[in-house]
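To start, the structure itself, in structure tokens.
The values are calculated or read from the model by the stated rules, or taken from the named source; none is laboratory data. Quantities reported herein were computed from a predicted structural model and do not represent experimental measurements. Don't worry about glycine lacking a Cβ; one is built from the backbone with ideal geometry, like all the others, and counts go over all protein chains shown. Please note that ligands, DNA and RNA were not included when accessible areas were found on the heavy atoms of the full protein model with its side chains. Shrake-Rupley method; radii C 1.70, N 1.55, O 1.52, S 1.80 Å.
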Amino acid sequence: MAHIIELENICKDFRVLNRREGLAGSIKDLFSRNYKIVKAVNDVSLTIDQGEIVGYLGPNGAGKSTTIKMMSGVLEPTSGTILVNGKIPYKNRTQNAQNIGVVFGQRTQLWCHHSYAVSV
Ligand SMILES: Nc1ncnc2c1ncn2[C@@H]1O[C@H](COP(=O)(O)OP(=O)(O)OP(=O)(O)O)[C@@H](O)[C@H]1O
Ligand SMILES: [Mg+2]
């Protein structure tokens with residue numbers, strides 16, 4: 001049986017502006033921008049089968065929310081492949097959203113018709 005969720009070698013990099021300090025730094029930033037790459041998720045592979053209840057744990061900044069955002073189609077992975085119910089989440093966001101529930105931050109309510117519920 002196919003896995004309901006499949007992640008293969010998933011990576012997500014963010015390009016973040018390296019801000020210089022002070023007024024002079026801000027002015028310099030206007031003319032030459034200096035970026036750094038933040039590796040939020042680095043080579044994550046996992047499979048989840050129908051009916052499995054799974055916890056995804058890690059320290060602050062480990063990349064948990066970023067992984068869930070890619071699984072729910074909010075973000076596109078930098079590399080690797082994700083299939084949720086046989087579909088690529090960021091390419092099938094609307095369809096995928098009809099089957100999942102994701103709560104970010106402190107929200108405690110979920111729509112009751114959702115098949116899965118995730119809090120990140
Ligand atoms: N939109 C973004 N732009 C730049 N960097 C980001 C962005 N989102 C997350 N990051 C960085 O990516 C890394 C992973 O963040 P993420 O929020 O996925 O971690 P987390 O495991 O959910 O942490 P927490 O337990 O604090 O919720 C962190 O270093 C974070 O600062
Ligand atoms: Mg988080």
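General remarks:
- Filter pass, Thr81 being at pLDDT 95 or above, within 29 Å of Gln95 (Cβ to Cβ) and assigned to a helix (DSSP H, G or I): no
- Against the conditions (1) open to solvent by 50 Å² or more (accessible area, probe 1.4 Å); (2) under 27 Å from Thr94 (Cα atoms); (3) basic (Lys, Arg), Lys12 satisfies every one except (1).
- Tally of residues being within 11 Å of ligand 1 (Cβ to nearest atom) and open to solvent by less than 50 Å² (accessible area, probe 1.4 Å) across segment 71-98: 1
- Cross-chain or 6+ apart pairs with Cβ under 6 Å, segment 33-59 first and free of Cβ contacts under 8 Å to residues at least 12 places away in the same chain, then hydrophobic (A, V, I, L, M, F, W, C): Val54/Ile48
- Of all residues in segment 1-28, those that are of a type in the set (S, T, N, Q) have Cβ atoms under 7 Å from Cβ atoms of residues that are within 16 Å of ligand 1 (Cβ to nearest atom) and part of a loop (DSSP other than H, G, I, E, B), 6 or more apart or on another chain, in Asn18/Asn34.
- The lone exception for Tyr56 - which of (1) farther than 18 Å from Asn96 by Cα; (2) at pLDDT 95 or above it fails: (2)
- Given (1) outside any strand (DSSP E or B); (2) at pLDDT 95 or above; (3) away from ligand 2 (no atom under 16 Å from the Cβ), index of the condition Thr94 fails: (2)
The rows are residues; the columns are (1) open to solvent by less than 90 Å² (accessible area, probe 1.4 Å); (2) in a strand (DSSP E or B).
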residue: His3; (1), (2): yes, no
residue: Arg20; (1), (2): yes, no
residue: Gly25; (1), (2): yes, no
residue: Lys36; (1), (2): no, yes
residue: Glu52; (1), (2): no, no
residue: Lys69; (1), (2): yes, no
